[in-house]
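The structure under discussion appears below in the form of structure tokens.
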Amino acid sequence: MADKKRNNHDDGKMTVEEAGRKGGEATAETHGREFYEEIGRKGGEATAESHGREFYEEIGRKGGETTAENHDRDFYEEIGRKGGEATSKNHDREFYEEIGQKGGEARANQRDDDRDGKMSREEAGRKGGEARARKRDND
């Protein structure tokens, strides 16, 4: 098996890697972008049919962990800034009003559990710190 992969130019044979590269180059020359988009779509659909939600959750979790291990706070600030800029270019004031309203309603529903329906900034900060500490202890 190793002999098939070994480059032996004396006998005129090419390696498996060379054959693959040449085949890929020939395909790229004869097919356009639409071809690759179509096979990508079909591959995605086939993967979705053969794998359940748990598969995607697991690869997402693993990818997130790897990204977190390889990047620092500056990385996340930069992608957050870029995402915010892209979002602001694609959405108008009504979009932000709607998501703000949804967030406010969700927050109000959380406060219903509190005695007087309001949470001070200090209390919110304390609870957030405690939640973060619990998460860090569990990781």
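The values are calculated or read from the model by the stated rules, or taken from the named source; none is laboratory data. Everything quoted here is computed from the prediction, not taken from an experiment. When we count neighbours, we look across all protein chains shown, and the Cβ atoms used for this are built from the backbone with ideal geometry, even at glycine.
Yes/no per residue for (1) acidic (Asp, Glu); (2) in contact with a helix residue (DSSP H, G or I) (Cβ under 8 Å, 6 or more places away or on another chain); (3) loosely packed, with under 10 Cβ neighbours inside 10 Å; (4) modelled with pLDDT under 80:
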position: 71; (1), (2), (3), (4): no, no, no, no
position: 79; (1), (2), (3), (4): no, no, no, no
position: 97; (1), (2), (3), (4): yes, no, no, no
position: 102; (1), (2), (3), (4): no, no, no, no
position: 107; (1), (2), (3), (4): no, no, no, no
position: 118; (1), (2), (3), (4): no, yes, yes, yes
position: 121; (1), (2), (3), (4): no, no, yes, yes
position: 125; (1), (2), (3), (4): no, no, no, no
position: 138; (1), (2), (3), (4): no, no, yes, no
Need pairs with beta-carbon distance below 7 Å; first residue in a loop (DSSP other than H, G, I, E, B) and within region 10-21, second surrounded by 11 or more Cβ atoms within 10 Å (Cβ to Cβ) and at pLDDT below 95; sequence gap 6+ or separate chains.
15/7
